[in-house]
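The values are calculated or read from the model by the stated rules, or taken from the named source; none is laboratory data. Model, not experiment: these values are computed from the prediction. Using ideal geometry, Cβ is built from the backbone for each residue, glycine included, and neighbour counts are taken over all protein chains shown. With ligands, DNA and RNA removed, areas are computed over all heavy atoms of the protein, side chains included. Shrake-Rupley method; radii C 1.70, N 1.55, O 1.52, S 1.80 Å.
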Amino acid sequence: MKYTFTILAALLAFVEVGAQELQAVKSQPIFDGEVTVHDFSFTRNGDYMFVNMDIDLSELNVHNNRATVLSPVIVNQNNQIDLNGVGIYGRRRYFTYVRNGWSTLGNEGDMLFKESEKPEIINFSQSVPYEDWMNGAKVVVGNRTYGCCNKVLDERFAELGSYRHWVYAPHFAFVRPQAEAVKTRELSGSAFVDFPVSQTVIYPEYRNNVVELAKITGTIDSVRNDSDITVTAISIKGFASPESPYDNNTRLAKGRTEALRVYVNKLYNFPENFIATDYEPENWEGLRAFVEQSSLPHRREIIALIDGDREPDNKEWKLKSTYPEEYRYLLKTCYPALRRSDYRIEYIVRGFSDVEEIRRLVKERPQKLSLEEFYLAAQGLESGSDEFCEIFDVAVRMYPKDEVANLNAANSAMMSGNMKGAERFLEKAGKSDEAIYARGVFAALEGDYDAAEDYFRLVENAIPEAKDGLEQLAKLRE
């Protein structure tokens with residue numbers, strides 16, 4: 001006959017949750033002294049849990065027509081593993097079970113004895129594979145007394161000891177970003193619209209102009225056709241390259257920029273002064289950046305010339321006459337890119353308060369969201385869940401330089417076990433109390449308890465979670 005011994009959680013309410021790993025108990029009388037346990041230990045070694053004890057049965061007397069079954073278990077809330085038990089049978093009960101084919105009231109692997117043949121001391125030793133739930137588990141022994149017809153006459157329980165390996169369990173301090181009164185955003189880019197030599201008239205089909213003009217119109221359309229967005233301003237700045245006289249370059253930069261404004265304005269019928277314009281007659285800054293990154297033989301000298309105080313035409317003549325080969329190279333490879341039109345579209349995005357709508361936008365249009373809206377999207381989700389962590393990961397991608405975004409991303413990365421990502425985010429999380437605390441959490445999770453304590457002590461009066469961190473570190477060091 002099989003019987004699975006079950007311990008209800010309610011019966012274990014007296015067990016101290018914070019118990020340390022129990023190494024040894026010399027002597028522990030249980031069940032009113034009928035059984036004594038000597039040298040009990042409940043320990044972990046690698047991937048296994050070990051239960052060892054000497055069970056003293058010298059004071060246990062089992063009636064002739066009864067049976068007593070001692071059933072030890074490892075239990076933690078709803079998880080349980082039955083260990084090998086010990087069955088002691090009175091003479092009549094023993095022969096009754098043998099005659100009827102029932103050799104035991106316990107489980108397979110139990111040690112079975114007739115009352116008259118039971119040893120005084122049983123050396124009990126058993127190992128089981130370790131599972132995570134065993135951290136905090138207890139060893140409890142059940143004592144059942146059976147009478148005729150397997151009727152349970154008595155049932156008692158005794159706790160022998162518990163196992164707990166202290167592991168740092170951090171409390172993360174997320175920061176709610178400040179709300180934006182107005183969500184002002186902008187999109188920008190550069191278009192390389194080609195013009196025939198010395199002309200300021202736009203020909204949409206000329207060379208690659210179809211593609212370049214589409215950069216501007218496509219950017220405008222991406223926000224103008226969105227009901228959540230209001231375009232507030234557009235600006236265009238035109239640049240010319242340094243070759244040819246400065247006066248002519250001024251005419252070209254100004255005229256071509258105006259031509260582009262008129263072209264865009266006709267497509268959208270904006271108010272007359274809606275598109276602001278500016279121009280740069282000669283793009284020396286762009287030329288300098290190109291030369292600085294190049295491997296030209298006279299790179300340093302050319303940079304010095306560009307930075308000098310010569311008049312633009314004299315500077316261009318000096319470059320052309322002093323470094324003719326490098327000038328021809330620049331004319332071919334660099335100058336076309338200097339002739340460009342930078343554009344910027346400024347707009348306002350409406351605010352969002354519906355959490356489900358915000359969560360949808362996190363996946364579909366995260367650029368519409370403020371940092372505070374990302375934070376709101378995470379509220380109500382299970383902390384550390386994939387969706388929870390994804391929200392803060394997307395937020396920091398949208399706001400890569402923001403300290404709060406990096407701090408919250410570091411916290412969610414630590415929650416998911418991404419310590420490399422957390423370290424990268426913490427570098428840009430700033431020096432707030434919450435950031436200092438987060439660095440303490442990171443250090444504790446990495447096992448650097450000294451550094452963690454230093455961080456926690458810096459902010460223990462400002463961050464409530466820091467005091468808990470210090471208490472946990474103290475337990476880890478016991």
- [ ] Could you rank 138, 26, 151 by how accessible they are, 1.4 Å probe, largest area first?
- [x] 26, 151, 138
- [ ] Estimate the FRET efficiency between residue 353 and residue 45 by the formula 1/(1 + (r/R0)^6), using the beta-carbon distance for r and 60 Å for R0, to the nearest 0.05.
- [x] 0.65
- [ ] Give me the net charge of residue 437's neighbourhood, meaning all other residues with Cβ under 13 Å from the Cβ of residue 437; Lys, Arg count +1, Asp, Glu -1.
- [x] -3
Task: residue 171 - accessible surface, heavy atoms, 1.4 Å probe, Å² rounded to 10 - done: 90 Å²
- [ ] Could you work out how far the C-alpha centroid of segment 403-470 sits from that of segment 126-171, in angstrom?
- [x] 37 Å
Open item on the list: Run the Debye formula on the Cα coordinates of the chain, all scatterers equal and no solvent, and tell me log10 I(q)/I(0) at q = 0.07, 0.10, 0.13 1/Å.
Closed with: -0.66, -0.94, -1.14
Task: Inverse mean reciprocal Cα-Cα distance (Kirkwood Rh) of segment 139-290, Å - done: 22.0 Å
- [ ] Report the local net charge at residue 392: Lys and Arg +1, Asp and Glu -1, summed over other residues whose C-beta lies under 15 Å from its C-beta.
- [x] -4
Open item on the list: Please give me the summed charge of the neighbours of residue 465: other residues whose Cβ is under 15 Å from its Cβ, Lys and Arg +1, Asp and Glu -1.
Closed with: -3
Task: Rounded, prolate or oblate (a/c below 1.5 giving rounded, otherwise prolate when a/b exceeds b/c) for segment 339-381 by Cα gyration tensor - done: prolate
Open item on the list: Please compare each pair in 363/420; 215/254; 183/363; 368/420; 332/401; 138/467 to a cut-off of 31 Å on the Cα-Cα distance and tell me which ones are over it.
Closed with: 332/401
TODO: Using a 1.4 angstrom probe on the protein heavy atoms only, line up 121, 216 by accessible area, largest first.
DONE: 121, 216
Open item on the list: Test of understanding: extend the Cα→C-beta vector of residue 167 to 7 Å, then name every residue of segment 114-134 with backbone N under 12 Å from that spot.
Closed with: 131-134
TODO: Round to the nearest 10 and report in Å² the accessible area of residue 93, as given by a 1.4 Å probe over the protein chains' heavy atoms.
DONE: 10 Å²
Task: Gyration tensor verdict on segment 185-247 (Cα atoms; rounded if a/c is under 1.5, prolate if a/b is larger than b/c, oblate otherwise) - done: prolate
Task: Exposure of residue 188 as accessible area (Å², to 10), given a probe of 1.4 Å and all protein chains - done: 90 Å²
